[in-house]
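The values are calculated or read from the model by the stated rules, or taken from the named source; none is laboratory data. Because the structure is a prediction, the values reported are computed rather than measured. With ideal geometry, Cβ positions are generated from the backbone for all residues, glycine too; neighbour counts draw on all protein chains shown. Side chains are part of the model used for accessible areas, which takes the heavy atoms of the whole protein and leaves out ligands, DNA and RNA. Shrake-Rupley method; radii C 1.70, N 1.55, O 1.52, S 1.80 Å.
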Amino acid sequence: MASTAPEVKLGLGANLGQFTLLVVVNAFVGAMVGLERSILPAIAEHDFHLAARAAVLSFIVAFGISKALTNYLAGRLSDAIGRRRVLLVGWAVAIPVPFLLMWAPSWGWILFANVLLGISQGLTWSTTVIMKIDLAGPARRGFAMGLNEFAGYGAVAVSALATGYVASAYGLRPEPFYLGVGYVVLGLGLSLIVKDTHAHARKEASDHHGDTGVMTQRELFLRTSFTDPDLSSISQAGLVNNLNDGMAWGLFPLFYAATSLSLEQVAWLAAIYPGVWGIGQLFTGALSDRVGRKWLIAGGMWIQAVGIALIAASSSFAPFVGGAVLLGAGTAMVYPTLLAAIGDVAHASWRASAVGIYRLWRDLGYAIGALLAGIVADLVGVGAAIWLVAALTAGSGVVVAVRLTETLKRRRA
């Protein structure tokens with residue numbers, strides 16, 4: 001007697017095992033980024049004697065551009081060949097990264113490691129996002145994204161703190177990057193037992209009667225980037241969010257060190273921001289399912305701007321902590337809510353591609369933020385660069401307040 005395929009069901013309860021496994025996988029994805037968060041700017045200065053801020057921040061440019069372009073490809077590939085295959089390729093690309101960071105003989109090799117890291121992150125993080133949206137279905141999409149981003153950015157914080165402490169005890173290289181070898185082994189091993197979720201997306205598409213019109217990739221790119229006021233507002237907010245994160249990643253450790261903070265204090269500050277960001281998303285994602293997306297996004301951008309401004313105006317550890325907490329809280333309001341809003345607006349049949357386009361723009365923010373902050377810092381000072389990014393972040397919140405309609409009611413319609 002022929003066996004029948006198991007029935008595909010949507011929802012967190014029906015898919016709890018696979019959803020939980022994907023949350024753990026994404027924690028290791030985030031931990032890979034955390035390897036660099038507190039110590040790579042110091043390595044640029046001490047091991048490779050880079051003085052220009054733009055040169056120091058070039059690793060973020062390499063990471064941001066490669067991750068952004070790969071995000072776009074990951075969305076298309078996930079629709080074309082399935083999610084699990086893309087996830088496994090992403091982990092395979094990550095295998096050389098910790099070894100390159102340990103033993104790179106020149107800054108060019110560090111840049112190459114960050115190109116590989118960006119490609120890996122684009123494939124793995126994009127795919128875990130898409131797979132969780134597939135499994136959760138429409139009812140608890142914000143909560144699902146909150147859990148995903150909590151795992152990823154909580155792990156960024158823990159990894160940043162761990163590498164900072166290892167570096168203070170044993171040196172900047174190679175010991176902190178031994179952690180990365182473990183992350184790759186565990187992440188890849190767990191990904192081997194993940195099941196593909198493409199069938200869940202097809203089921204949701206068959207149950208949903210929204211905008212199913214067939215679009216070319218060009219039409220979909222233009223719609224998500226520019227012509228649809230909701231999707232384009234979401235995309236610009238994502239870009240500016242990661243613009244300020246790129247600045248924070250590259251300039252904050254140097255700004256803190258210039259005030260004579262110790263490496264351990266810099267590590268704590270590098271961990272507090274993504275730590276608050278990660279933990280906060282446990283609540284903000286679910287909150288957006290109840291109160292809506294728009295004002296969490298706009299308000300979160302404004303709170304980020306206040307946090308960045310507080311850091312720019314300060315010169316000691318305690319106010320730096322306050323600014324990092326505000327920056328993390330604002331980002332927690334924004335990050336899962338933007339992804340949930342994309343899921344509200346995009347039809348299941350083209351959602352993965354829309355997520356890829358959004359993440360293309362969002363992660364280009366890393367490169368734009370690093371370039372802008374580095375150039376301004378070299379011309380007029382690090383403080384001025386931080387103030388400029390605070391102003392841009394506040395302006396992005398205004399764009400959301402003016403252009404974005406509430407997307408949650410669209411999902412409920």
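Its Cα gyration tensor gives segment 290-406 an equivalent ellipsoid; the semi-axes, largest first and in whole Å, are 29, 17, 11. In the context of the full set of protein chains, residues of the chain present 36 Å² of accessible surface per residue (probe radius 1.4 Å, heavy atoms only). The mean sequence separation of alpha-carbon pairs under 8 Å and at least six residues apart, normalised by the residue count of segment 187-342, gives a relative contact order of 25 percent.
For the chain, the relative contact order is 27 percent, taking Cα pairs closer than 8 Å that sit 6 or more residues apart in sequence and dividing their mean separation by the residue count.
Within the listed set TYR183, TYR170, TYR358, the residue fluctuating most in the Gaussian network model of the chain (springs between alpha-carbon atoms under 10 angstrom) is TYR170. Of all the options ILE311, ILE95, ILE297, the one that moves most in a Gaussian network model of the chain with Cα springs shorter than 10 angstrom is ILE95. Given springs between every Cα pair under 10 Å in a Gaussian network model of the chain, which of PRO174, PRO138, PRO98 has the largest fluctuation? Maximum among the listed residues: PRO174.
Here is what passes the span test in the chain: the DSSP H helices with alpha carbon length of 18 Å or more along the helix axis and a Kyte-Doolittle mean of 0.5 or above are 16-37, 58-81, 107-136, 141-170, 178-191, 263-291, 294-312, 317-345, 351-380, 382-403. Share of carbon and sulfur in the accessible area of the chain stands at 70%, probe radius 1.4 Å. Charge tally around LEU296: other residues with Cβ under 11 Å, Lys/Arg +1 each, Asp/Glu -1 each, net +1. Neighbours of TYR256 by Cβ distance under 15 Å: Lys/Arg scored +1, Asp/Glu scored -1, total 0.
Tell me which label goes with the value of Cα extents along the principal axes in Å computed from the coordinates here: [x] 122, 46, 39; [y] 90, 59, 35; [z] 68, 50, 35. From the options [x] 122, 46, 39; [y] 90, 59, 35; [z] 68, 50, 35, the structure gives [z].
At q = 0.12, 0.18, 0.19, 0.22 Å⁻¹ the log10 of I(q)/I(0) for segment 149-279 amounts to -0.76, -1.10, -1.15, -1.28, computed by Debye summation with a single uniform scatterer per C-alpha, solvent ignored.
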